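A.B. asks: Got a structure here, written out as structure tokens. Questions coming.
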Amino acid sequence: MTSTDNPSPPPSPSRPPPNQRSGCLTALMAIFGIILLLPGACALLFGGISISDRGRIDSDVAPLVFLGLVVGLGGVALIWAAIKGRRV
């Protein structure tokens, strides 16, 4: 009998389970993400008030609005990372 009569595929290596993140770390990431959303909300509020009053953002307020929006986007990214988790 030859080996080609009943070929059996070699066993496939099983993947190790992905590293699980603790629930505490996920909760902390979500909480800090929500806290970081507050400067973004303030930036939208003050930027909107500045635009509604004069039709444009003042030069002294614009960097603060931009900084608040960047920090708010960081909060969104942190919440997204907490919810989605790490991809392997």
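The values are calculated or read from the model by the stated rules, or taken from the named source; none is laboratory data. Since the structure is predicted, the reported quantities are computational estimates derived from the model, not experimental observations. So basically every Cβ, Gly included, is an ideal-geometry build from the backbone, and we count neighbours across all protein chains shown.
A.B. asks: Would you please list the contacts, defined by Cβ atoms under 7 Å and residues six or more apart or on different chains, that run from a residue in the range 21-39 that is over 28 Å from A62 (Cα atoms) to a residue that is of a type in the set (G, A, S) and surrounded by fewer than 14 Cβ atoms within 10 Å (Cβ to Cβ)?
C.D. replies: R21/G85
A.B. asks: Identify, please: which residue in the range 59-88 is in a loop (DSSP other than H, G, I, E, B) and touching a helix residue (DSSP H, G or I) at 6+ places or on another chain (Cβ under 8 Å) and is, among those, modelled with the highest pLDDT?
C.D. replies: V61
A.B. asks: Hey, another quick one. May I ask you to list pairs of residues, at least six apart or on different chains, whose Cβ atoms are under 6 Å apart, with the first in the range 60-88 being closer than 14 Å to G33 by Cα and the second being of a type in the set (V, I, T) and at pLDDT below 95?
C.D. replies: Short answer, once both residue conditions are applied: A82/T26.
A.B. asks: A41 is checked against (1) surrounded by 15 or more Cβ atoms within 10 Å (Cβ to Cβ); (2) of a type in the set (G, A, S); (3) under 26 Å from A27 (Cβ atoms) and fails just one. What number does that condition carry?
C.D. replies: (1)
So that you can scan it fast, the table gives a plain yes or no per residue for (1) modelled with pLDDT under 90; (2) part of a helix (DSSP H, G or I); (3) hydroxyl-bearing (S, T, Y):
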{"site": "T2", "(1), (2), (3)": "yes, no, yes"}
{"site": "P9", "(1), (2), (3)": "yes, no, no"}
{"site": "L38", "(1), (2), (3)": "no, yes, no"}
{"site": "I51", "(1), (2), (3)": "yes, yes, no"}
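A.B. asks: For the range 11-36, which residues satisfy the criterion of being surrounded by 10 or more Cβ atoms within 10 Å (Cβ to Cβ) and modelled with pLDDT under 85? First the steps, then the outcome.
C.D. replies: We begin by selecting, within the range 11-36, every residue surrounded by 10 or more Cβ atoms within 10 Å (Cβ to Cβ); these are 18, 21, 25-36.
Correct list: P18, R21.
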